[in-house]
Amino acid sequence: MSKIRLSMVSLGPSDWELVTIKALNRLKSVQAIAIPTKNKEGSFERSITFKIVDRLMQEYHFAKPLISVYTPMKFKHSDWLNQAQTLQEAVKEYGTIAFVTLGDAGVYSTVYYLLDIIKEQNPQLYERSEVIAGITSFSYASSKVKKPLCLGKSRLELIPLIGEEVPSTKIYMRPSVGMQTSSIKDEGEIYTFENLCFEGEHIQKSKISVVRKYMTLLIDFVKPAKGDVA
C-alpha cells in the first residue's frame, strides 16, 4: 500500500455487507475518501455510495475526511476532466485517497474514464494507482433467485440496452490444458491471465498459443468507440 496513492474502490451492489474485505481495508488505510455525488453543492444526502461508506465507518469504527466529487448523470468530457482534477488535488492534499464506485469498477463505471485522463495528465500518479474489484449487480441478482449465470457449455452475454450494435470485450474461459488458441481472434487488446490469486500467477499482454494451466482466462479488451459515455 505504501506505493499506492490513488485507490479506485468498488463497493458492490448497494449492500454494505457485500463490500469485500480488501475494499474495506483500503478505505480504512487511506487518508481520505472521495465520494461521487450528483449534487453540485456537494451534499451526500442522496448518495448511495456515501450511505455505504458511512455505514462501514460506523460498523468498523473509523473515520476519514470525505471529498465530494460532482458526478452528473449525463456525462461530458469536461465533467471527467473536473473529476480527475479533484482527485489529483485530493492526493496532493492528503497523500492517499480512495475513490468509491458502485458495483464493479470494470463494468460501466466512471473509473476508467478518470484513469485514462490521469494517465495522460499525471503518469506517475497513474502508476501509483490501483483498482479494487467488487461484486456486480448481475452476480448478486443471480444469487437472489438461485439461478446460475452460466453452467457447463453455456455462455454469459452482457448486452447494453441502447438499441444499437456496439464493440464487445470478450472473455474466454474454461479451456483445456494443451488447447490451441489459434481460433481466438484478436479484435482489441488481448491479455492472458494464468492462476489468478494463486501461486504462479502470470499476466501477459498477448495471447498464449497453447493453454498451459486449467486456471487460464483470456480477455480481449475492446476500447469503447470515440464519444462513448458511461
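The values are calculated or read from the model by the stated rules, or taken from the named source; none is laboratory data. Since we're looking at a predicted model, the values are computed, not measured. Neighbour counts are summed over all protein chains in view; Cβ atoms, including those assigned to glycine, are modelled from backbone coordinates with ideal geometry. With ligands, DNA and RNA removed, areas are computed over all heavy atoms of the protein, side chains included. Shrake-Rupley method; radii C 1.70, N 1.55, O 1.52, S 1.80 Å.
Scanning the stretch 70-109 for residues that are open to solvent by less than 70 Å² (accessible area, probe 1.4 Å) and among the aromatic types (Phe, Trp, Tyr) turns up Phe75, Trp80, Phe99. Out of curiosity, is Ala90 among the small types (Gly, Ala, Ser), under 19 Å from the mean Cα position of the chain (by Cα) and within 24 Å of Ile48 (Cα to Cα)? Here the answer is no, as Ala90 does not meet what is asked. If I filter the stretch 163-174 for residues that are modelled with pLDDT under 95 and aromatic (Phe, Trp, Tyr), do I get at least one hit? Scanning the stretch 163-174, I find at least one residue that is modelled with pLDDT under 95 and aromatic (Phe, Trp, Tyr), so the answer is yes.
Taken over the stretch 110-135, the criterion of being assigned to a loop (DSSP other than H, G, I, E, B), open to solvent by less than 70 Å² (accessible area, probe 1.4 Å) and modelled with pLDDT of 95 or more is satisfied by Asn122, Ala133, Gly134, Ile135. Does Leu156 meet the test of being of a type in the set (A, V, I, L, M), open to solvent by 100 Å² or more (accessible area, probe 1.4 Å) and more than 22 Å from Leu11 (Cβ to Cβ)? Against the criterion (of a type in the set (A, V, I, L, M), open to solvent by 100 Å² or more (accessible area, probe 1.4 Å) and more than 22 Å from Leu11 (Cβ to Cβ)), Leu156 does not qualify. The helices (runs of 4 or more DSSP H) found wholly in the stretch 1-100 and carrying at least 2 residues that are among the hydrophobic types (A, V, I, L, M, F, W, C) and over 28 Å from Gln121 (Cα atoms) occupy 21-29, 48-60. Taking first residues from the stretch 185-198 that are modelled with pLDDT under 90 and partners that are part of a strand (DSSP E or B) and open to solvent by less than 70 Å² (accessible area, probe 1.4 Å), the Cβ contacts under 6 Å between residues at least 6 apart in sequence or on separate chains come to Glu187/Asp220; Gly188/Asp220.
The residues of the stretch 188-218 that are surrounded by 11 or more Cβ atoms within 10 Å (Cβ to Cβ), farther than 16 Å from Ser176 by Cβ and among the acidic types (Asp, Glu), listed by number, are Glu189, Glu201.
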